[in-house]
1. Give the residue that is surrounded by the fewest Cβ atoms within 10 Å (Cβ to Cβ), with candidates limited to residues of region 119-139 that are within 19 Å of residue 74 (Cβ to Cβ) and in contact (Cβ under 8 Å) with a residue 12 or more places away in the chain.
2. Of 95, 68, 109, 75, which residue is part of a helix (DSSP H, G or I), under 30 Å from residue 5 (Cβ atoms) and without any contact (Cβ under 8 Å) to a residue 24 or more places away in the chain?
3. Which members of region 19-31 meet the condition of being part of a helix (DSSP H, G or I) and over 17 Å from residue 49 (Cβ atoms)?
4. What's the total number of residues in region 105-115 that are more than 16 Å from the chain's Cα centre (by Cα) and more than 10 Å from residue 73 (Cα to Cα)?
């Protein structure tokens, strides 16, 4: 059973018991207890109705989440098949919005994606890319391109490495420079003697 539903049941039952206890503690002892029984029955009826309403509301919420997950799954399939960048941005924005506000829907969507043989990690990457795009950040480069760029470098739009502020500079590969350095070192020592 759902934890939220259990907490709701406990809260409703505690409130109902507190109401019944209040009716019986505050009643006039000299008057007949008929009205206390009536109020007790009304409190029990209201408590039962609230429990039934909570169950119905939870079932309705589960149906809505399943329908939304089905719609999102169809949108993801459409964006994967097509080449429309506007549709991809829209689907990414919807996935990002639902990842923030409806984690239950996203869990259902991941289950549906796995059931049809898809990759849930690709879904997470799409959500991450949508968050970066919404924040105005460039898309992350692929891992292979990052390794080619070298340590401390990032890639520009053209794929060329760019220097980041505060990062150590990248050193270009000049080939075998050990022999040249040795000659330069010896020449430098000779220059100092003069």
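1. Only one residue fits best here, namely 126.
2. Residue meeting the stated conditions: 75.
3. Within region 19-31, the first condition is being part of a helix (DSSP H, G or I), and the residues that meet it are 19-26.
21, 22, 23, 24, 25, 26 - these are the residues of region 19-31 that are part of a helix (DSSP H, G or I) and over 17 Å from residue 49 (Cβ atoms).
4. Residues in region 105-115 being more than 16 Å from the chain's Cα centre (by Cα) and more than 10 Å from residue 73 (Cα to Cα): 2 in total.
Values in this text are rule-based calculations from the coordinates and carry no lab data. Keep in mind the model is a prediction, meaning the values are calculated, not measured. Note: ideal-geometry Cβ built from the backbone for every residue, glycine included; neighbour counts use all protein chains shown.
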